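Each reported figure results from applying straightforward, stated rules to the coordinates on display, with no laboratory input. Quick caveat: nothing in here was measured; it's all calculated off a predicted structure. In this analysis, Cβ positions are derived from the backbone assuming ideal geometry, glycine residues included, and neighbour counts consider all displayed protein chains.
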Amino acid sequence: MSELPLGKYLASSDKKTRDKAIKSLTSLLSDPSREALPKPDMAKLWKGIFYCEPVSESIVVVHSSSTLGFWMSDKPLVQQALAAEIAEIVLAISSLHASLDFLRGFWEATVREWSGIDRLRSDDPRVPSSLAYHLADIYLEELDKALDGEESPTPAPLSTLLSPFFTLAARTQSNITFQRIQTALFDPLFVALSPPREDEPPTPKRRRLSTPSYNALITNSCSTNPTSEGALEAAPLKKLLLRRMFDIGSESDTRDSNRRKLYAIWRSHVEEDEDTDGKPVDAS
């Protein structure tokens with residue numbers, strides 16, 4: 001049984017070596033003659049990638065002799081290049097099921113190993129608060145970068161992509177978590193979707209925020225179905241996102257205090273839109 005020190009090759013500073021490892025991993029995960037990796041083996045594979053451990057090519061076993069970790073590497077440029085290349089594997093895997101399994105393995109490994117990176121307390125027994133903060137901080141920027149890098153990007157289904165954040169905001173017991181999601185994600189997005197009228201000064205909300213425009217994201221997004229909807233204009237897209245947030249806020253699992261906060265966000269933007277175009281905006 002030959003062993004492939006996959007993690008070591010993926011973390012190599014030599015691009016040819018990394019490219020070969022990426023290609024081998026993509027082929028391994030796309031091979032229709034192989035059965036789908038069981039969940040424990042996918043977890044071991046991702047632990048190998050995470051900690052740059054040797055991985056058995058045939059049974060994807062990670063050995064315990066961990067040396068240099070991906071996140072603990074002292075070569076940030078190599079880390080950045082490797083992260084981008086591993087992310088591209090999701091799109092390169094020919095099987096949708098295998099691709100989603102690989103992506104799920106990443107998130108499970110990230111949640112599992114996050115405490116070794118950042119030891120802030122958890123908002124949920126399984127998901128550290130600091131991970132939610134980090135994702136909220138970078139989410140819009142990374143979506144914008146992904147769309148900006150494509151010549152003819154498929155519209156991003158924002159209602160679908162934002163639903164986990166709406167749900168977390170609805171159910172979290174932490175006021176700090178709610179506030180972080182609102183200030184890092186909800187407010188910048190809704191402001192970007194609400195350009196001021198040319199004949200009016202910026203609203204107080206807009207003056208308070210130094211908000212990126214997210215041009216690629218705003219011009220290449222839909223609600224849930226890129227095929228049937230295509231890229232939506234900012235105003236109807238904002239209305240659909242607010243509606244989705246309102247619906248999640250109305251669910252029985254939503255904490256009462258969070259429901260009031262979500263309704264307040266919804267109401268403030270509805271009123272702002274009414275002030276801007278002079279037309280009432282309903283919740284339907």
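In nm, to one decimal, how far is the modelled label at Arg112 from the one at Asp256, with both set 7 Å along Cα→Cβ?
About 4.0 nm, to one decimal.
In the stretch 206-269, which trypsin sites (Lys or Arg not before Pro) are in a loop and have at most 16 other Cβ atoms within 10 Å, using DSSP for the loop call?
Numbers: sites: Arg206, Arg207, Arg208, Lys238, Lys239, Arg243, Arg244, Arg255, Arg259, Arg260, Lys261, Arg267; in loops: Arg255.
Passing sites in the stretch 206-269 are Arg255.
At 7 Å along the Cα-to-beta-carbon direction for both Ile176 and Thr227, put a label point, then send me their distance in nm to one decimal.
Between Ile176 and Thr227, the label points sit 4.5 nm apart.
Label-point separation (nm) for Lys15 and Thr154, each offset 7 Å from Cα along Cα-to-Cβ?
Result: 2.8 nm between the two label points.
Determine, from the Cβ-Cβ distance of Leu100 and Glu271 and an R0 of 51 Å, the FRET efficiency 1/(1 + (r/R0)^6), rounded to the nearest 0.05. Walk me through the numbers before you get to the answer.
On the way: r = 40 Å, r/R0 = 0.78.
Step by step, r from the Cβ atoms, then E = 0.80.
Set the Förster distance to 41 Å, then compute FRET efficiency between Lys39 and Ala146 from the Cβ-Cβ distance, nearest 0.05.
Calculated transfer efficiency: 0.90.
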